[in-house]
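Accompanying notes for the structure given below.
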Amino acid sequence: MNQNALTNTNSLWGHALAETLARLGVRHAVVSPGSRSTPIIWALTHCHGIETIPLLDERGAAFFALGLARQGGRPVVLACTSGSAAANYLPAVVEAHESGAPLLVLTADRPPELRRCAAGQAIDQTRMFGQYANEHFELPVPEPTMACLRQLRQTLSHAIRLTMLPARGPVHINCPLREPLAPEPGKTLTLDFDPYVLLKGVAPENFGYALPDFDGIAPAGPGHCGLIVAGTQMADDDEAARSSLWSLAVRSGYPVLCEALGPWRAGEVPKGLIRVSAYGEILKDAAAREALKPDFVLQVGPLPTSKALRQWLEALDTPTLICSTGHANLDPLHRRARQICFAPELLHLLPLPAVKDGGYSALWAEAETQARAKLNAALDETAMSEGGVARELFRHLRADCRLFVANSMSARHAEQYAECGHEPFRVHFSRGANGIDGTLATALGMAHGGRGVLLTGDLALLHDASSMMAARQLRGHLSIVMVDNGGGGIFRHMPVADIPDRVFERYFLTPQNVDYVALCDAYGTDYQRIDSFVELRANLANMPADGVRLLHVKVTG
């Protein structure tokens, strides 16, 4: 902390805040312009060790921070001014809570004397995110005392801890501030103590997982048919999680059903391990549903997207063990399930007994071969289709890229058509609230510092088109693969689509008439129309190092 930069109480407070966060391990802050937040933003921008990213739109800024938090697995700071600015954070805070992303939300506020008296930009910001924040705090108005700074330090340390434990998610700190808000050049704040003492001993914590009590977890006897369902789990270390799960599967003899949005379909597997990706297609057949019944299910993370799989598991009501990185209930099917908080990198420690007969796994292996061949045969190699685009991305994306899969049809096509054995690129998604809000902004945050690809439909992109403003802050590259199916394609798969009425198209499908070339020109984004899989593969193979481009894929089905 540079004492020469301390010109008034707020500059002291702001620098203490920023330096404490840096020592607690924060490396990124996403901020939006505003007056009341000046002490926070000024200090963050001058703090060595924290990259501070300015984004105009608070809603987009929050989703960008969400993408950063998912990418790094560590808390990201989000800071804004007072009033409705903070209210724009709510959609991203909801997603962060539901999907377990660590965000520290700092909202500047009017001091108590300017509340409830018609002062400008003053709303009730206390506990404004309700149940969607892991915890809420309100700091006192800053004072140039060690007691005030020690409370600030302790609150920040506790808040960072609560973004990670007992479950990852957002924490809100409301920060009332009095004027003068900006530093006052030429002035020096005189203190009778050394503020640097405040920072001694502040260091990042180790947010590891303890081993749970395994008593009663394993199924009784070696003659059972066990099944592993590896769902939409994001691990801190994909390779370590895969290795741990493969070790468990080989030792136990369980086949593994692998969701495309998890890390499980990437790379090769050890000899003898049965990995299944086409379970949605397999379980459409009544005979297969009967023949493949397990006696015990190990579920890793949230369930896969597949409706067929969920309906099958619900009907079976098989004894189930759920391994989760948080404490949220991951059993929407209300089965005979027990849940433990357990890191996927430690799955090999689970005491599952080995099955003696490999016939059950062989049934799954044969069904996988047949179903995958059927799915691939259904895709025309020349006509551009939604499923074909998803398959091409998983087949040809490089290992050093990151892939963000949007919700609705993008996630479903990825699960259905992505094959096993692809390069070990990181897959990102927002399957907490399962909404389309903030799709582009989250993908930009995911890609920051590297190369990324966003697989999205046209409506999900247009819903967040204003986040193209954030592209200029991207350090790295993002290719937006927009599958243009003429509106909300997911509604074509719902009962309302069968009603012979024009209401469906206007109020559900909602096709848009947008000039995408003009849209990209307005934001300085490169545009390219993709008319063949050959063109798509060429663009994936020759990915720029920086900037944002829109690859517009018009599909026929």
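Quick look at the values:
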read-out	value
Amide N proximity, the range 366-396 versus residue 531 label position 7 Å along Cα-to-Cβ, cut-off under 13 Å	384
Unit charges on C-beta of K, R, D, E only; dipole of the range 254-322, Debye	140
Long-range HN-HN contacts of residue 384 with modeled amide H, under 5 Å	556
On Cα atoms only, tilt of 307-316 relative to the major axis of the chain in degrees	70
Highest to lowest packing among 329-336, 543-550, 27-34, scored as the average C-beta count within 10 Å	27-34, 543-550, 329-336
Prolate/oblate/rounded call for the range 246-329, Cα gyration tensor, a/c under 1.5 rounded	rounded
Over the range 135-206, relative contact order from alpha-carbon pairs under 8 Å, at least 6 apart, %	42
Per residue accessible area in Å² of the chain, where ligands, DNA and RNA are left out and the probe is 1.4 Å	41
Estimated dipole of the range 1-104 in Debye, rounded to 20 [Cβ of Lys and Arg +1, of Asp and Glu -1, Cα centre]	160
Phi-based couplings in Hz for the range 537-545 (Karplus 6.51, -1.76, 1.60; Gly and Pro marked x)	4, 4, 6, 5, 6, 10, 8, x, 8
For the range 415-478, alpha-carbon Rg relative to the globular expectation (2.2 N^0.38 Å, N residues)	1.19
Kirkwood-based Rg to Rh ratio, the range 215-361, C-alpha trace	0.92
Ranked packing of 113-121, 343-351, 249-257, most packed first, by mean Cβ within 10 Å	249-257, 343-351, 113-121
Computed lengthening from residue 396 to residue 554, 0.36 nm per intervening residue step minus Cα-Cα distance	54.9 nm
Rel. contact order, % - alpha carbon contacts under 8 angstrom, at least six apart, the chain	14
Signed unit charges on C-beta, dipole axis of the chain, positive-most listed residue 158, 305, 355	158
Cross-link partners of residue 374 among lysines (Cα-Cα below 26 Å; sequence separation of 8 or more within a chain)	271, 284, 293, 307, 554
Accessible surface of the range 44-146 [probe 1.4 Å, protein heavy atoms]: carbon and sulfur percent	52
Residue among 137, 18, 84 farthest towards the positive dipole end of the range 1-157, charges placed on Cβ	18
Part-to-part distance (alpha-carbon centres) for the range 351-419 and the range 296-336, which is given in Å	20
Given charges at Cβ of Lys, Arg, Asp, Glu: the chain dipole, positive-most of 508, 62, 420	62
Cα gyration tensor shape for the range 1-113, rounded if a/c is under 1.5, else prolate or oblate	oblate
Theoretical gain in end-to-end length, residue 124 to residue 374 [0.36 nm per residue, Cα-Cα removed]	84.3 nm
Relative contact order of the range 241-335, pairs being alpha-carbon contacts under 8 Å that are 6 or more residues apart, as %	22
With DNA, RNA and ligands ignored, accessible area of residue 237 (1.4 Å probe; Å², nearest 10)	70
For residue 422, distant residues with modelled amide H under 5 Å away	267
Translational D in µm²/s for the chain (Stokes-Einstein at 20 °C, 1.002 mPa s, Kirkwood Rh from C-alpha pairs)	85
Crossing angle, helix 90-99 versus the chain [Cα axis fit, 0-90 degrees, rounded to tens]	50
Candidate residues 409, 482, 146: accessible-area rank, largest first, probe 1.4 Å	146, 409, 482
Cβ-placed point charges (K, R +1; D, E -1), dipole of the chain about Cα centre in debye, nearest 20	480
Net lengthening on full extension, residue 290/residue 51 (0.36 nm per residue, minus Cα-Cα)	80.6 nm
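The values are calculated or read from the model by the stated rules, or taken from the named source; none is laboratory data. Just so you know, these numbers come straight off a predicted model, no measurement behind them. Backbone-built Cβ (ideal geometry, glycine too); neighbour counts: all protein chains shown. Ligands, DNA and RNA are stripped out before the accessible areas are found, and what is left, the full protein with its side chains, is counted by its heavy atoms. Shrake-Rupley method; radii C 1.70, N 1.55, O 1.52, S 1.80 Å.
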